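Engineer: The structure is given below, and queries will be raised subsequently.
Read the figures in this text as sums done on the coordinates, not as results from a lab. As the structure is a prediction and not an experimental result, all values here were calculated from the model. Cβ: placed from backbone, ideal geometry, glycine included. Neighbour counts: every protein chain shown.
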Amino acid sequence: MNGPNLNLLGRREPGIYGSKDFESYFEELKAQFPDDELYYFQSNHEGALLDYLHDIGFSPCGIIINAGAYTHTSIALADAISGIKAPVVEVHISNVYEREVFRHHSYIKPVCVHTIVGKGLDGYAEAIEYLKTSPEA
Ligand code: DQA
């Protein structure tokens, strides 16, 4: 799952987020994990992200979320993640800890099973590996 402004990947601040769009990367991810069923959802709307978590969060799956700026603002997102059954891994493309101070705090980190930052798009593949192999997930 990707949150706000991540539909602009490839065009948005390429020096920070790279020049590949997520749709192309998602095709690569599917090829990298041919035995797994992967689904992609993106929204710029907080409520739509909540609705999607509610919809899938009680099915047997793992969830990877890059909540974008909602990471730093949304108690509602944290509540949704703690309210569902599925394990959630938090991913950030950039290293949020080396950026502005307001990006250092994540409301969702305490309710996620794992957090990956600063690995670029490879962080999503690492998150899938984590969900597949970690006993916590
Ligand atoms: C981001 C980091 C957030 O601080 C920012 O608001 C984003 C992207 C990342 O992937 O590095 O939109 O989540």
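Engineer: How many residues are out of contact with any strand residue (DSSP E or B) (no Cβ under 8 Å at 6 or more places or on another chain), more than 16 Å from N7 (Cα to Cα), away from the ligand (no atom under 16 Å from the Cβ) and outside any helix (DSSP H, G or I) if we restrict to the range 19-73?
Structural biologist: Within the range 19-73, residues that are out of contact with any strand residue (DSSP E or B) (no Cβ under 8 Å at 6 or more places or on another chain), more than 16 Å from N7 (Cα to Cα), away from the ligand (no atom under 16 Å from the Cβ) and outside any helix (DSSP H, G or I) number 10.
Engineer: Is one or more of the residues making up the range 89-104 more than 15 Å from the ligand (Cβ to nearest atom) and surrounded by 18 or more Cβ atoms within 10 Å (Cβ to Cβ)?
Structural biologist: Scanning the range 89-104 turns up no residue that is more than 15 Å from the ligand (Cβ to nearest atom) and surrounded by 18 or more Cβ atoms within 10 Å (Cβ to Cβ).
Engineer: I'm told N95 meets every condition in (1) in contact with a strand residue (DSSP E or B) (Cβ under 7 Å, 6 or more places away or on another chain); (2) within 22 Å of K20 (Cβ to Cβ); (3) in contact (Cβ under 8 Å) with a residue 40 or more places away in the chain except one. Can you identify the failing condition by its number?
Structural biologist: Here N95 meets the rest and fails (3).
Engineer: Could you grab the pairs with beta carbons closer than 6 Å, sequence gap of 6+ or different chains, first residue in the range 51-68 and under 17 Å from V113 (Cα atoms), second one exposed (fewer than 12 other Cβ atoms within 10 Å of the Cβ)?
Structural biologist: F58/K85
Rundown of residues vs (1) within 28 Å of R11 (Cα to Cα); (2) hydroxyl-bearing (S, T, Y), yes/no style:
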| site | (1), (2) |
| --- | --- |
| I56 | no, no |
| G62 | no, no |
| I65 | yes, no |
| A86 | no, no |
| Y97 | yes, yes |
| G118 | yes, no |
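Engineer: Additional query: Taking the stated definitions as given, is I128 touching a strand residue (DSSP E or B) at 6+ places or on another chain (Cβ under 6 Å) and not in a loop (DSSP other than H, G, I, E, B)?
Structural biologist: No, not satisfied.
Engineer: Right, another one. Select from the range 23-37 the residues that are surrounded by 15 or more Cβ atoms within 10 Å (Cβ to Cβ) and touching a residue at least 24 places away in the same chain (Cβ under 8 Å) and list them in ascending order.
Structural biologist: Y25, L29
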